[in-house]
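Structure record follows, encoded as structure tokens.
All of the numbers you see were taken from the coordinates with simple rules; none came from a lab. Keep in mind the model is a prediction, meaning the values are calculated, not measured. For neighbour counting, all protein chains shown are included, and Cβ atoms are generated from backbone atoms with ideal geometry for every residue, glycine included.
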Amino acid sequence: MRHAVLGAGGVGLLVGGALALAGHPVLLILRPEARDSYPGDIHVKSALLGEFDVDVPASSRLDRKVDVLWVTVKATQLEDALALAAPAVARHAAVVPLLNGIDHVSRLREVYGDRVIPGAIRVESERVGPGHVVQVSPFISTELAPPAPLRALAAAIADEMQGAGLPCTVRQGEAEVMWGKLALLAPFALGTSGLGQPIGPAREDPEVRALMLESLREVCAVAATEGAQLDPQLFSQALVDLPDEMRTSMQKDLDGGRQPELDAIAGAVLRRGRERGVPTPATEELVRRVGGSHAQNL
């Protein structure tokens, strides 16, 4: 299949690079200023895929037919990015977002209609320069949650991901996939960002650890109001098992002076909790500890 990747950050470069190395046509869609600095190839240094360079063309807009449009921008950049991939050009493509959060799915369906296949990826991968990505986590895991008419197409996409060395599973239940990622990500991102440390030191701090575990249970309770039945114990164990040195993109954005995805990650939980009468005091406290003007707006 022909792939286009909207957003050349840690996830987009990793996915695009792996698919291109496996022999699939891949196009990067970059903002004009990013296109000017892009070297014409992706350099991947991965704990699982090894180190390699692969030529991948880039364009400042989607200018050709593709079979899959991967949306891998930050949630804070989504609206600007949508202008680079016109629905008229992408009308035959499956649109697969791998963003953090929940709310982007409905927004993408407003733009691209019923061709959206929600996805979730679990990986620590960072863009360290134009076209250069480093993936340090000892795992990569991708899940797709297609609507019934797109299950066969999602299975074909998953096969190509698997063939490129990127584990990918097709699941039933969009709510379980999307909230399943957020149940682990929200306490992880908020706890480490508030402390300014990787997950190991955050877990060793008794107060932060307790807040993260309680926040996880709150996210699961909010998820249940959307039909996602998640086992808090399983996710608590996953939080405990994360490698000590792992960090999230939120912490890296804060360290780099960039806008964090606080609204996409925490806001989705807090808003739904208030609307549906689910208390979220631990999540609120973790947001307070992250601080800044973005936290005040939640």
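Observations on the structure shown:
- Sites Arg64 and Ala155 - FRET efficiency at Förster radius 25 Å, r taken between beta-carbons, to 0.05: 0.55
- Spatial extent of the range 175-296: Rg and Dmax, with the Cα atoms as the point set, Å: 13.1, 37
- Computed from backbone phi with θ = phi - 60° and the Karplus coefficients 6.51, -1.76 and 1.60, the 3J(HN,Hα) list for the range 242-258 is 4, x, 3, 8, 5, 10, 10, 5, 4, 5, 5, 5, 5, 5, x, x, 9 Hz; x is used for glycine and proline.
- P(r) tail fraction, the range 15-106 - alpha-carbon pairs more than 22 Å apart, %: 31
- Kirkwood-based shape ratio for the range 105-180, expressed as Rg/Rh from alpha carbons: 1.01
- Approximate shape of the range 1-69 as ellipsoid semi-axes (Cα gyration tensor, √5λ), whole Å, largest first: 18, 14, 9
- C-alpha long axis of helix 206-224 to longest principal axis of the chain, angle in °: 70
- Only lysine pairs 8 or more places apart or on separate chains count here, and in the chain those with Cα atoms under 23 Å apart total 5.
- Computed across the range 3-172, the Kirkwood hydrodynamic radius from all distinct Cα-Cα pairs reaches 15.7 Å.
- For the range 146-193, Kirkwood radius (reciprocal of mean inverse C-alpha pair distance, Å): 12.4
- Residue order, fewest to most beta carbons within 10 Å, for Asp36, Asp53: Asp36, Asp53
- Dimensionless Rg over Rh [the chain; C-alpha; Kirkwood]: 0.95
- Debye log10 I(q)/I(0) for the range 156-238, one point scatterer per Cα, at q = 0.23 Å⁻¹: -0.98
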